[in-house]
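Here's the structure we're looking at; comments come further down.
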Amino acid sequence: MSWIVLIVSGVLEAVWATALGRSEGFTRPVPSAVFVVSLIASMAGLAYALRELPVGTAYAIWVGLGAALTVGYAMVTGAEPASLLRIALILGIVACVVGLKLTH
């Protein structure tokens with residue numbers, strides 16, 4: 001169960017990071033509210049997962065998944081440029097996250 005919660009928390013990290021960027025310095029209410037709710041849920045999920053998983057592994061997976069999803073979403077929506085090199089590097093992050101899970 002901890003692994004599932006950790007994965008969901010990593011996805012929520014991408015949600016709050018994206019919402020933070022769209023909040024325009026907390027001047028837009030809806031993205032600001034999405035940021036706060038998803039941040040709290042993401043941190044709570046990470047804290048829950050840390051009850052059973054090593055902090056280094058869990059944190060690396062949480063951050064790696066969140067970062068990969070955030071930049072992937074930004075490239076899909078056109079907010080950031082996409083290139084084969086950038087995609088390959090993001091896949092490298094995902095491969096490292098999977099490797100950490102497999103070696104646990």
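No value in this document is a laboratory result; all are computed from the given coordinates. Only a predicted model underlies this, so the values are computations on that prediction, with no experimental measurement involved. Note: ideal-geometry Cβ built from the backbone for every residue, glycine included; neighbour counts use all protein chains shown.
Restricting attention to segment 51-71, and to residues there that are in contact (Cβ under 8 Å) with a residue 40 or more places away in the chain and more than 10 Å from the chain's Cα centre (by Cα), which single residue is surrounded by the fewest Cβ atoms within 10 Å (Cβ to Cβ)? Within segment 51-71, the match that is surrounded by the fewest Cβ atoms within 10 Å (Cβ to Cβ) is Arg51.
Scan segment 25-39 and give yes if some residue there is aliphatic (A, V, I, L, M) and under 11 Å from the mean Cα position of the chain (by Cα), otherwise no. Spell out how you get there, then give the answer.
So the first thing to find is which residues in segment 25-39 are aliphatic (A, V, I, L, M), and the list is 30, 33-34, 36-37, 39.
Imposing the further condition that a residue be under 11 Å from the mean Cα position of the chain (by Cα) reduces the set to 39.
Yes - at least one qualifying residue is present in segment 25-39.
In segment 13-29, the residues that are farther than 20 Å from Gly78 by Cα reach residues that are not in a helix (DSSP H, G or I) with C-beta atoms within less than 9 angstrom, at least six apart or across chains, in these pairs: Pro29/Ser23.
Note on segment 1-49: residues that are crowded, with 17+ Cβ neighbours inside 10 Å and part of a loop (DSSP other than H, G, I, E, B) total 1.
For Leu100, indicate whether it is within 12 Å of Glu13 (Cβ to Cβ), in contact (Cβ under 8 Å) with a residue 12 or more places away in the chain and either surrounded by 12 or more Cβ atoms within 10 Å (Cβ to Cβ) or out of contact with any Leu (no Cβ under 9 Å at 6 or more places or on another chain) (or both). Quick ask: steps written out before the conclusion?
On the way: within 12 Å of Glu13 (Cβ to Cβ): no; in contact (Cβ under 8 Å) with a residue 12 or more places away in the chain: yes; either surrounded by 12 or more Cβ atoms within 10 Å (Cβ to Cβ) or out of contact with any Leu (no Cβ under 9 Å at 6 or more places or on another chain) (or both): yes.
Spelling it out, it is not the case that Leu100 is within 12 Å of Glu13 (Cβ to Cβ), in contact (Cβ under 8 Å) with a residue 12 or more places away in the chain and either surrounded by 12 or more Cβ atoms within 10 Å (Cβ to Cβ) or out of contact with any Leu (no Cβ under 9 Å at 6 or more places or on another chain) (or both).
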